[in-house]
């Protein structure tokens, strides 16, 4: 509950503004593919009406990810990946909803009405609100969205030797991939806006379910050059 409390707000007088709808919340328990156990409090979005505005939230395509690794290899660029912690909860929600606090909110709050003020997991529009929030953050950092894939973001950069190129940020919900000659600077910018999961900022060894491998090919025209490969070996197992 500590991580998800940012999504809730109590009013001192326990009054709910006009136009707010009551929903229930419940816990979801899951085991991820790496056997990590996870519990999450989610809102009952099935109890709400479909919003009039779009709730669509796009993600980067796998073809774009493959091209990005090729681009990194061809241009001698480094790659870093990261996960945003509790990503949705960074974005304000536009849905007017509230719930009744249970024991998970503490014994002094049981039975009190509590407003849902952030894009709580389970709500119909939360995916779209998070993507809008991340898009705003990237624009403020100087990135523009690629016309071919709106979840590939780019900004002009210059290497120390004077060569110019495009730095890329790829977004698959809360999974971020940075292609740059100094990707840590981009990660530092993102970490100033969001909490990145401990240990997640690193050269990727997996991304979107695929194993990521780093190669140097002996006997090639440039045996010092970094190559990248993607494998489904772990996924298949």
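The values are calculated or read from the model by the stated rules, or taken from the named source; none is laboratory data. In this text the structure is predicted, and so the values were computed from the model without any measurement. Don't worry about glycine lacking a Cβ; one is built from the backbone with ideal geometry, like all the others, and counts go over all protein chains shown.
Worth pointing out:
- Search result, residues across segment 174-205 that are surrounded by fewer than 17 Cβ atoms within 10 Å (Cβ to Cβ) and either touching a helix residue (DSSP H, G or I) at 6+ places or on another chain (Cβ under 8 Å) or in a strand (DSSP E or B) (or both): 193, 202
- For segment 31-43, the criterion of a residue being over 28 Å from residue 208 (Cα atoms) and in contact (Cβ under 8 Å) with a residue 40 or more places away in the chain is satisfied by no position.
- Taken residue by residue, segment 110-121 has at least one member that is out of contact with any strand residue (DSSP E or B) (no Cβ under 7 Å at 6 or more places or on another chain), free of Cβ contacts under 8 Å to residues at least 40 places away in the same chain and in a loop (DSSP other than H, G, I, E, B).
- Out of 73, 128, one residue alone is buried (at least 16 other Cβ atoms within 10 Å of the Cβ), at pLDDT below 95 and more than 24 Å from residue 198 (Cα to Cα). It is 73.
- Residue check for residue 169: under 22 Å from residue 62 (Cβ atoms), within 13 Å of the chain's Cα centre (by Cα) and surrounded by fewer than 21 Cβ atoms within 10 Å (Cβ to Cβ): no
- Test result for residue 57, within 30 Å of residue 199 (Cβ to Cβ), in contact with a helix residue (DSSP H, G or I) (Cβ under 7 Å, 6 or more places away or on another chain) and at pLDDT below 95: yes
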